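Each remark here refers to the structure printed beneath this line.
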Protein chains: 2
Amino acid sequence: MKLYRANIMFTPSPEAFQVLEGGYVAVNDNGLVEGVYEQLPAEYKGAEVTDFGDKLLIPAMNDLHVHAPQYRNQGIAMDLELLPWLNTYTFPEESKYKDLAYAEKMYRRFVHDLWANGTMRTVAFATIHPEASKLLADLFTTAGMSAMIGLVGMNRNGPDTLSNTTEEAVRDTEALMNHLKGNKLVSAIVTPRFVPSCTPDMLKALGELARKYNLPVQSHLSENRSEIAWVKELEPESTCYGDAYRRYGLFGDTPTLMAHCCYTEGEELRLMKENHVYVVHCPTSNCNLASGMAPIRTFLNEGVPVALGSDISGGHHLSIFRVMQYALQISKLKYAESKGALKFLTLSEAFWLATKSGGAFFGKVGSFEKGYAFDALVIDDADLNIDNYSLPHRLERYVYLGDDRQIVKRFCAGKEIAEPKI
Amino acid sequence: MKLYRANIMFTPSPEAFQVLEGGYVAVNDNGLVEGVYEQLPAEYKGAEVTDFGDKLLIPAMNDLHVHAPQYRNQGIAMDLELLPWLNTYTFPEESKYKDLAYAEKMYRRFVHDLWANGTMRTVAFATIHPEASKLLADLFTTAGMSAMIGLVGMNRNGPDTLSNTTEEAVRDTEALMNHLKGNKLVSAIVTPRFVPSCTPDMLKALGELARKYNLPVQSHLSENRSEIAWVKELEPESTCYGDAYRRYGLFGDTPTLMAHCCYTEGEELRLMKENHVYVVHCPTSNCNLASGMAPIRTFLNEGVPVALGSDISGGHHLSIFRVMQYALQISKLKYAESKGALKFLTLSEAFWLATKSGGAFFGKVGSFEKGYAFDALVIDDADLNIDNYSLPHRLERYVYLGDDRQIVKRFCAGKEIAEPKI
């Protein structure tokens, strides 16, 4: 059992923060939270307490959509839309991951910088390359950070240097899964890039693979108007873009993440709700690629699960705190656009999306309720706390003004995580 | 004469960066740029050159709209819209600036953090308090940074603790102007808060004051729908919100800044163009306060001058680089909304807004062309330059990923500016 004392804040529900000023959290030997307490309970009297003083203790961040092999392109090439951006910058960069030395250089930095920004759980697209994808998984394992790694399937509309066959995509995903057997923190996720990149044959085979091993699935959905029009051409028998995934068994038969959903409504919304398919909201990316504004309030009203993603390198920053800012801000622009009909997100709602709602894809993750994995960040915000703010205002200032400098400790599944080697 | 060598980038025009790899800039004894050169000209051979090596040298940032006395509130209270936000958080905070000790504590930090973020020219709202406003001006003067300081006029719809009379607003602005006589970098600007805060009598008197001394003017315009409706009630004879300022001589009779302009169109747009009134685009604030998206491409197409502002504490961050990101991103959402009709901003356009276009309000500022004040930042982006990016991509990465850590030197009007004392 470990005991920590700090100013503890988390969101058991989206409506409000639970705040414990100088409170305690007990973490058992399995890395799970036993409880949070205003006062140290009698049973723990005399036990050793690690005291973080006036610092903040909050759940760690979860990034449910990020392209690891686009890390070099973070913050460049922002003057293009999705489809030309893919062809001009993204596909050529991802093709480089055939070279394991290049992959190691970039993936090491990627994992390091996730750590720096306080992200302890990540669902990542890798590439078509099996060796580089294993390497990425191994780097997460060595770091002690949790991840789901997607060996990407793509066999049409990409360059030859970045295409695999249906057989390869299935075989290499299976191999990745087997490589990670018994690994408690890192696992494989079935990853068709998106409908335009995968023939019906590949989509069908990946759907079968997911069901065979009960593997989760991730892909992209309704990000951009040109893409949606393209899918309509490619899949004329589907009632909507989401239905194209559904028809191939990739839309909730197993736990499923769909990134973006800027234009999801009607039938697609209904299908997501029915099949408990997650929206991964990537507002930085949706701004940078001129995609649009996802109707997050509508998803929440309808009970569709929502998580947050940095979507590097459509997104420009790894920090999920930064993504939280944009989630709040985009919801406010939707509010203005709808003349107040769609209520904007509050800070506690955005925080809940980043922690408990996103964390749920990994199980009991993202909260400090009993039985949750102790994924946590210690924030030393002394340099931001210039005038005796309340604890909720200190957290709000950290979300809006802070960065990696104020994160002084990180925990994943109960263990303190040291800085990964670059 | 001083000579600097670095990787020099700036925007003589919005369309493109001028890039000098390992180039030179000569700065004369008046702090003005003599020229930039690919090779050191013969006349300077043998002269001492300060070599910044592989670092970037760019024009410093200009913040054309910021509320200095809202600095404590930066990053808090984001769950409200403009009018309730003003009454609940902003007015009570500004009322504290009657206390000079409080003002000094906060204003010192404000000036320090502008410095940290690379902003060398600032147009700031102060408060109604003459002593605190002089103090703010003096802190800029001591730092060696340039500013225009607005003693705020407001005599209706605010709390008693934050109201002055027409006579006081005129007298105290005049006093501030006289206090700063002969100061080359810091001066006074006429500052009616906005139409709802000022009676016609006060607006008229401030318009006369501006014309009498040819003082510039700043205020707020068409930020939010409720505010516009309110102005319509208060000023039924004006053809639009902007016309209310015009009728009182506050809309371009002297150089004029109008913050926000989210809903400016038609007659108001025409008036701004005719009178060369600046739009100060504050996209972070417009998101945070759920105000809306200003049509910047339309302003640029029409030839209305545009600058950028952090608008603390509606905006959440002082960095104008951060504001640049939002200017780009909001223009992309406008592009998506208009289905491509309004072209989004490019990086060079956003950079130009932050430097040369905003700087023009101060004179020849914001470029490295001959005759421009040498306001500059030296950026050491080694930690961001992880894979031999091109110079334009290094700058783009700095804009999207960088922060105060990479700014290693700052110059204003030719002088290197040391860290101001907190």
Restricting to segment B:56-82, count the residues that are part of a loop (DSSP other than H, G, I, E, B) and under 18 Å from B:Val378 (Cα atoms). 1
Only helices (runs of 4 or more DSSP H) wholly contained in segment B:249-332 count here; list those with 1 or more residues that are in contact with a Lys or Arg (Cβ under 8 Å, 6 or more places away or on another chain) and more than 11 Å from chain A (Cβ to nearest Cβ). B:266-274, B:296-302
Could you tell me whether segment A:4-27 includes any residue that is in contact (Cβ under 8 Å) with a residue 60 or more places away in the chain, acidic (Asp, Glu) and surrounded by 17 or more Cβ atoms within 10 Å (Cβ to Cβ)? no
Looking at segment B:40-51, can you tell me whether even one residue there is buried (at least 21 other Cβ atoms within 10 Å of the Cβ) and in a loop (DSSP other than H, G, I, E, B)? no
Only unsatisfied item for A:His393, checking (1) under 28 Å from A:Pro255 (Cα atoms); (2) at the interface with another protein chain (Cβ under 8 Å from one of its Cβ atoms); (3) surrounded by fewer than 21 Cβ atoms within 10 Å (Cβ to Cβ), is (1)
For segment A:60-72, check the following and say yes or no: at least one residue is buried (at least 21 other Cβ atoms within 10 Å of the Cβ), over 22 Å from the mean Cα position of the chain (by Cα) and aliphatic (A, V, I, L, M). no
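Criterion first (within 14 Å of another protein chain (Cβ to nearest Cβ) and either hydrophobic (A, V, I, L, M, F, W, C) or in a strand (DSSP E or B) (or both)) does A:Leu342 satisfy it?
Numbers: within 14 Å of another protein chain (Cβ to nearest Cβ): yes; either hydrophobic (A, V, I, L, M, F, W, C) or in a strand (DSSP E or B) (or both): yes.
The answer is yes for A:Leu342.
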Can you report the number of residues in segment B:396-422 which are of a type in the set (D, E, K, R), surrounded by fewer than 21 Cβ atoms within 10 Å (Cβ to Cβ), within 19 Å of B:Ile320 (Cβ to Cβ) and away from chain A (no Cβ under 14 Å)? 2
I'd like to check something: does segment B:67-77 contain any residue that is under 19 Å from B:Leu289 (Cβ atoms), of a type in the set (Lys, Arg) and within 14 Å of another protein chain (Cβ to nearest Cβ)? yes
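I'm trying to understand the selection: among the residues of segment A:95-107, which are surrounded by fewer than 18 Cβ atoms within 10 Å (Cβ to Cβ) and within 14 Å of chain B (Cβ to nearest Cβ)? Steps first, answer last, please.
First, pick out the residues of segment A:95-107 that are surrounded by fewer than 18 Cβ atoms within 10 Å (Cβ to Cβ): A:96, A:98-102, A:104-105.
Matches in segment A:95-107: A:Lys96, A:Asp99, A:Ala101, A:Tyr102, A:Glu104, A:Lys105.
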Right, B:Cys287: buried (at least 24 other Cβ atoms within 10 Å of the Cβ) and out of contact with any His (no Cβ under 8 Å at 6 or more places or on another chain) or not? yes
Could you tell me whether B:Gly340 is closer than 21 Å to A:Gly315 by Cα, surrounded by fewer than 23 Cβ atoms within 10 Å (Cβ to Cβ) and free of Cβ contacts under 8 Å to residues at least 24 places away in the same chain? yes
Between a residue in segment B:222-238 that is in contact (Cβ under 8 Å) with a residue 12 or more places away in the chain and any residue that is of a type in the set (Val, Ile, Thr) and surrounded by 20 or more Cβ atoms within 10 Å (Cβ to Cβ), which pairs come within a Cβ distance under 7 Å, given they are 6 or more apart or on different chains? B:Ser222/B:Thr264; B:Val231/B:Val195; B:Leu234/B:Val195; B:Glu235/B:Val195
List the number of the failed condition for B:Lys184; all other conditions in (1) among the charged types (D, E, K, R); (2) surrounded by fewer than 23 Cβ atoms within 10 Å (Cβ to Cβ); (3) over 15 Å from B:Ile149 (Cβ atoms) hold. (3)
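A quick yes/no check of all residues on (1) within 28 Å of B:Gly363 (Cα to Cα); (2) not aliphatic (A, V, I, L, M):
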| site | (1), (2) |
| --- | --- |
| B:Met202 | no, no |
| B:Leu206 | yes, no |
| B:Asn214 | yes, yes |
| B:Val217 | yes, no |
| B:Glu223 | yes, yes |
| B:Thr239 | no, yes |
| B:Asp243 | yes, yes |
| B:Ala259 | yes, no |
| B:Arg270 | yes, yes |
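Please count how many residues of segment B:236-248 are within 19 Å of B:Thr191 (Cα to Cα) and part of a loop (DSSP other than H, G, I, E, B).
Here the count works out to 1.
Could you say which residue among A:Ala124, A:Ala137 is within 19 Å of A:Ala60 (Cα to Cα) and in contact with a helix residue (DSSP H, G or I) (Cβ under 8 Å, 6 or more places away or on another chain)? Working first, answer last.
Values: A:Ala137 fails: within 19 Å of A:Ala60 (Cα to Cα).
Step by step, each of A:Ala124, A:Ala137 is checked, and only A:Ala124 is within 19 Å of A:Ala60 (Cα to Cα) and in contact with a helix residue (DSSP H, G or I) (Cβ under 8 Å, 6 or more places away or on another chain).
Is it fair to say A:Thr346 is of a type in the set (S, T, N, Q) and over 23 Å from B:Lys334 (Cα atoms)? Write out each step before concluding.
On the way: of a type in the set (S, T, N, Q): yes; over 23 Å from B:Lys334 (Cα atoms): yes.
Spelling it out, A:Thr346 is indeed of a type in the set (S, T, N, Q) and over 23 Å from B:Lys334 (Cα atoms).
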Scan segment A:385-422 for residues that are of a type in the set (Ser, Thr, Tyr) and either in contact with an Asp or Glu (Cβ under 8 Å, 6 or more places away or on another chain) or outside any helix (DSSP H, G or I) (or both) and jot them down. A:Tyr389, A:Ser390, A:Tyr398
Pairs under 6 Å by beta carbon, first residue more than 14 Å from chain B (Cβ to nearest Cβ) in segment A:346-365, partner part of a helix (DSSP H, G or I), six or more apart or different chains? A:Ala354/A:Ile320; A:Ala354/A:Met324; A:Val365/A:Gly359
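Across segment B:366-390, what is the total count of residues that are of a type in the set (Asp, Glu) and either within 14 Å of chain A (Cβ to nearest Cβ) or buried (at least 24 other Cβ atoms within 10 Å of the Cβ) (or both)?
Looking only at segment B:366-390, we keep the residues that are of a type in the set (Asp, Glu), and these are B:369, B:375, B:380-381, B:383, B:387.
Now narrow it down to the ones that are either within 14 Å of chain A (Cβ to nearest Cβ) or buried (at least 24 other Cβ atoms within 10 Å of the Cβ) (or both): B:375, B:381, B:383, B:387.
Number of matching residues: 4.
Select, from A:Pro92, A:Pro84, the only residue that is over 30 Å from A:Lys364 (Cβ atoms), surrounded by fewer than 16 Cβ atoms within 10 Å (Cβ to Cβ), touching a residue at least 60 places away in the same chain (Cβ under 8 Å) and within 14 Å of chain B (Cβ to nearest Cβ).
On the way: A:Pro84 fails: touching a residue at least 60 places away in the same chain (Cβ under 8 Å).
Exactly one residue qualifies, and that residue is A:Pro92.
Would you confirm, using the coordinates I've provided, whether A:Ala294 is closer than 24 Å to A:Val66 by Cβ, out of contact with any strand residue (DSSP E or B) (no Cβ under 6 Å at 6 or more places or on another chain), among the small types (Gly, Ala, Ser) and buried (at least 24 other Cβ atoms within 10 Å of the Cβ)? Can you show your working first?
Values: closer than 24 Å to A:Val66 by Cβ: yes; out of contact with any strand residue (DSSP E or B) (no Cβ under 6 Å at 6 or more places or on another chain): no; among the small types (Gly, Ala, Ser): yes; buried (at least 24 other Cβ atoms within 10 Å of the Cβ): yes.
Criteria not met by A:Ala294.
Read-outs: derived from the displayed coordinates by stated rules, not from any lab. Just so it is clear, the structure is predicted and the values come from calculations on it, not from any experiment. Every residue, glycine as well, gets a Cβ built from its backbone with ideal geometry; the counts of neighbours run over all protein chains shown.
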